[in-house]
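Engineer: Input: one structure, supplied below.
The values are calculated or read from the model by the stated rules, or taken from the named source; none is laboratory data. Owing to the predicted nature of the structure, the values given are computational and were not obtained by experimental measurement. Neighbour counts are summed over all protein chains in view; Cβ atoms, including those assigned to glycine, are modelled from backbone coordinates with ideal geometry. SASA here: full protein model, heavy atoms, side chains in, ligands and nucleic acids out. Shrake-Rupley method; radii C 1.70, N 1.55, O 1.52, S 1.80 Å.
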Amino acid sequence: MPMITKVIPEESIVETLNLINKASKIVIVAHKRPDGDAVGSSLGLYHFLYSHEKETTIILPDGIPDYLQCLPCAKEILNFETQELDAKKAISECDLIFCLDFNDLSRIGAMAGIIGESPVMKVMIDHHLHNSGFCDVTISHPEIASTSELVFRLICRMGYFTEMSLESAECICAGMLTDTGGLTYNANSPEIYSIICELLRKGVDKDALTRKLFDNYSESRMRLMGYMMYKKMQVLKEYQTAILTLSYDEMLRFNYKPGDSEGFVNMPLTIGDVICSIFIKEERGVMKLSFRSQGNFNVSKMASELFGGGGHFNASGAESTLSMDETVKIVKEALPKYYQEYSENL
Ligand code: 5GP
Ligand code: MN
């Protein structure tokens with residue numbers, strides 16, 4: 001067992017272990033439009049439960065992007081949109097549900113009703129702000145960089161570090177890498193490196209995994225990126241903020257595939273003076289907003305107050321049912337207020 005501090009309270013560890021021991025069929029659910037941490041933490045836990053002979057099913061509200069298909073057993077994940085009957089069967093037959101990388105039922109879209117109403121015990125493992133408390137056991141740690149790290153901590157504290165498989169370790173590593181941009185942000189905690197060190201000792205090829213996760217895009221995605229940065233990026237110098245928008249028509253022009261705009265929102269932050277970046281993408285008629293910031297600029301507040309979204313202090317998201325132009329207008333009109341709050345806190 002690596003030398004890491006006991007972040008998760010002992011009581012939650014004992015309760016979770018008891019629930020796992022009693023269960024025979026387990027369902028794991030993570031948030032819609034899943035990222036590397038949602039998929040990595042789900043698969044990390046899945047491999048662990050599987051090796052403990054639990055019949056385990058991961059169900060996601062929608063599909064997973066291509067760049068995450070490389071993770072071991074990613075193909076086993078059910079998509080609620082296209083495999084609804086199988087997913088509902090698994091939920092109705094299970095005796096334990098894990099909710100990973102989200103803390104509010106609104107984050108699982110069409111699955112919210114069936115998961116919320118399920119009579120079985122639910123365990124939340126999450127690291128977002130403002131937990132809505134819908135689970136029976138809650139492992140909620142916004143100070144931890146990824147849900148995958150929490151899954152690692154849970155497995156260790158339950159006493160199964162030695163048995164952790166290479167597959168489980170690889171998926172956990174993938175989630176830890178993606179939620180920290182390859183250990184470039186939210187990655188100042190020394191314990192992250194102690195854990196990565198243990199994952200490497202398990203045999204994870206971090207260099208190969210990094211390439212699979214971050215250097216595995218299509219040519220059309222690269223051209224779309226060039227177009228976005230050259231033609232579409234608006235830099236509002238006064239507010240040290242950049243705004244990017246991507247419409248459905250533009251997606252068609254660039255042969256867009258799910259996951260192709262992954263990382264776009266971070267790019268304007270590489271401009272010296274830019275501390276806030278907002279990316280707005282049209283998705284099935286809804287505007288999906290991604291907010292990223294540096295330092296004291298609170299984008300979680302911005303996402304929540306303007307559009308009822310949320311997330312982390314420096315990385316948040318929301319949805320807007322207004323048009324692209326109206327959504328951009330709301331953001332631009334609100335920016336002076338949030339920029340001033342930031343300036344006052346300097
Ligand atoms: P992303 O911009 O990568 O989609 O999301 C950034 C962060 O904000 C993630 O931690 C994600 O879970 C959270 N987030 C994204 N979209 C939403 C949303 O619509 N509502 C809430 N509450 N959080 C979101
Ligand atoms: Mn996460």
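Engineer: Going down the table (K75/K257; K206/K231; K89/K212; K231/K257; K237/K288), which pairs top 29 Å between alpha carbons? Present the calculation step by step, with values, prior to reporting the outcome.
Structural biologist: Working: K75/K257 18 Å; K206/K231 35 Å; K89/K212 33 Å; K231/K257 20 Å; K237/K288 24 Å.
From the list (K75/K257; K206/K231; K89/K212; K231/K257; K237/K288), the Cα-Cα distance tops 29 Å for K206/K231; K89/K212.
Engineer: Between the stretch 297-346 and the stretch 147-184, what is the C-alpha centre distance in whole Å?
Structural biologist: Answer, in whole Å: 31.
Engineer: OK, next. Would you work out if the stretch 303-346 is rounded, prolate or oblate? Take a ≥ b ≥ c from the square roots of the eigenvalues of the alpha-carbon gyration tensor; rounded if a/c is under 1.5, else prolate when a/b is larger than b/c, oblate otherwise.
Structural biologist: Values: a/c = 3.14, a/b = 1.40, b/c = 2.24.
Oblate, because a/c is 1.5 or more while a/b does not exceed b/c.
Engineer: Using a 1.4 angstrom probe on heavy atoms only, work out the carbon and sulfur share of the accessible area of the stretch 1-127 in %. Walk me through the intermediate numbers first.
Structural biologist: Working: 2700 of 5230 Å².
Carbon and sulfur together cover 52 percent of it.
Engineer: Compute the separation of the alpha-carbon centres of the stretch 32-83 and the stretch 102-137 and state it in Å as a whole number.
Structural biologist: Cα centres, the stretch 32-83 to the stretch 102-137: 17 Å.
Engineer: Which shape class applies to the stretch 195-298: rounded if a/c is under 1.5, otherwise prolate when a/b exceeds b/c and oblate if not, where a ≥ b ≥ c are the square roots of the Cα gyration tensor eigenvalues? Display every interim value, and only then the final one.
Structural biologist: Working: a/c = 2.23, a/b = 1.33, b/c = 1.68.
Oblate, since a/c reaches 1.5 and b/c is not below a/b.
Engineer: Using Cα springs under 10 Å in a Gaussian network model of the chain, which residue among S290, S106, S146 shows the largest mean-square fluctuation?
Structural biologist: S106
Engineer: While we're here: Would you work out which of F254, A90, A187 lies farthest towards the positive end of the dipole of the chain, given +1 charges on the beta-carbon of Lys and Arg and -1 on that of Asp and Glu, about the Cα centre?
Structural biologist: F254
Engineer: How far is helix 84-93 tilted off the main Cα axis of the chain, in degrees rounded to 10, range 0 to 90?
Structural biologist: It works out to around 40 degrees.
Engineer: Rounded to the nearest whole Å², what accessible area per residue is found for the chain with the 1.4 Å probe?
Structural biologist: Values: 15560 Å² over 346 residues.
Ligands and nucleic acids excluded, the figure is 45 Å² per residue.
Engineer: Net charge near S92: determine it from the other residues with C-beta under 14 Å of the C-beta of S92, scoring Lys and Arg +1 and Asp and Glu -1. Please list the in-between numbers first.
Structural biologist: Details: positive: K25, K88, K89; negative: E55, E84, D86, E93, D95, E117.
Taking every Cβ under 14 Å from that of S92, the sum is -3.
Engineer: What does the charge count around K231 come to, taking other residues whose C-beta lies under 12 Å from its C-beta (Lys +1, Arg +1, Asp -1, Glu -1)? Intermediate values should be presented prior to the final figure.
Structural biologist: Numbers: positive: R223, K232, R253; negative: E250.
Residues close to K231 contribute a combined charge of +2.
Engineer: Note down the accessible area of M229, probe 1.4 Å, to the nearest 10 Å².
Structural biologist: Accessible surface of M229 is approximately 50 Å².
Engineer: Pull up the DSSP beta bridges for the chain and report the antiparallel fraction as a percent, rounded to 5. Mind showing how you got there, number by number?
Structural biologist: Values: 19 of 46 bridges.
Of those bridges, close to 40 percent are antiparallel.
Engineer: Quick one: which residues, 5+ away or cross-chain, put their amide H under 5 Å from the amide H of F98? H built at 1.01 Å from N.
Structural biologist: V27, I28, V29, V123
Engineer: Now for a separate question. Taking every pair of alpha-carbon atoms in the stretch 6-77, give the share separated by more than 15 Å as a whole percent.
Structural biologist: Working: 1447 of 2556 pairs.
That tail contains 57 percent of the Cα-Cα pairs.
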